[in-house]
Amino acid sequence: MSFRISYAPPADDTLAKMRDGQSFRDEMARTLGREPYGHASSAVKGERDRREATVSGAIVLYYVSRSVLTVTVVRLVPLP
């Protein structure tokens, strides 16, 4: 089962400024797009569907919607 990855405007703006945005998108699809509760992610503030993970050297804060199979990235913090 695959989840669609969508980016909220603040995360999309950050992604547009990343040096290798397409590689990051590919890695997101390969990891969180296939298993959003895996990839060493953790629940934020005890909410199972509000999660945080590190993907390709960036901290990703996202929500999982199981009903429509979507992962929505709300904040993206690339590491230097």
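Listing for the model above:
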{"item": "The chain: relative contact order as a whole-number percent, Cα under 8 Å and 6+ apart", "result": "36 percent"}
{"item": "Using alpha-carbon coordinates, inclination of helix 21-30 to the longest axis of the chain, degrees", "result": "20 degrees"}
{"item": "Dipole magnitude of the range 14-74 about its Cα centre (Cβ charges: Lys, Arg +1; Asp, Glu -1), debye to nearest 20", "result": "100 debye"}
{"item": "Separation in nanometres of the label points that stand 7 Å from Cα toward Cβ, at VAL68 and ARG25", "result": "2.0 nm"}
{"item": "Translational diffusion coefficient (Stokes-Einstein; Kirkwood radius from C-alpha pairs) of the chain at 37 °C, 0.692 mPa s, in µm²/s", "result": "266 µm²/s"}
{"item": "Label zone at SER6, where the point sits 7 Å out along the Cα-to-Cβ direction: the range 37-80 residues whose backbone N lies under 16 Å", "result": "50, 62-75"}
{"item": "DSSP-defined antiparallel bridges as percent of all bridges, the chain, nearest 5", "result": "80 percent"}
{"item": "Under the Karplus curve 6.51 cos²θ - 1.76 cosθ + 1.60, θ = phi - 60°, whole-Hz ³J(HN,Hα) for the range 51-65, x wherever Gly or Pro sits", "result": "9, 9, 8, 10, 10, 6, x, 10, 7, 10, 9, 8, 10, 10, 10"}
{"item": "ARG34 long-range amide H proximity, modeled H, under 5 Å", "result": "PHE3"}
{"item": "Rg(Cα) / (2.2 N^0.38 Å) computed for the range 1-44, rounded to two decimals", "result": "1.21"}
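Values quoted throughout were computed directly from the atomic coordinates according to the rules given, and no laboratory measurement underlies them. On a predicted model such as this, the values are computed, not experimentally measured, just so you know. Here the Cβ is made from the backbone with ideal geometry for all residues, glycine too, and neighbour counts use every protein chain on show.
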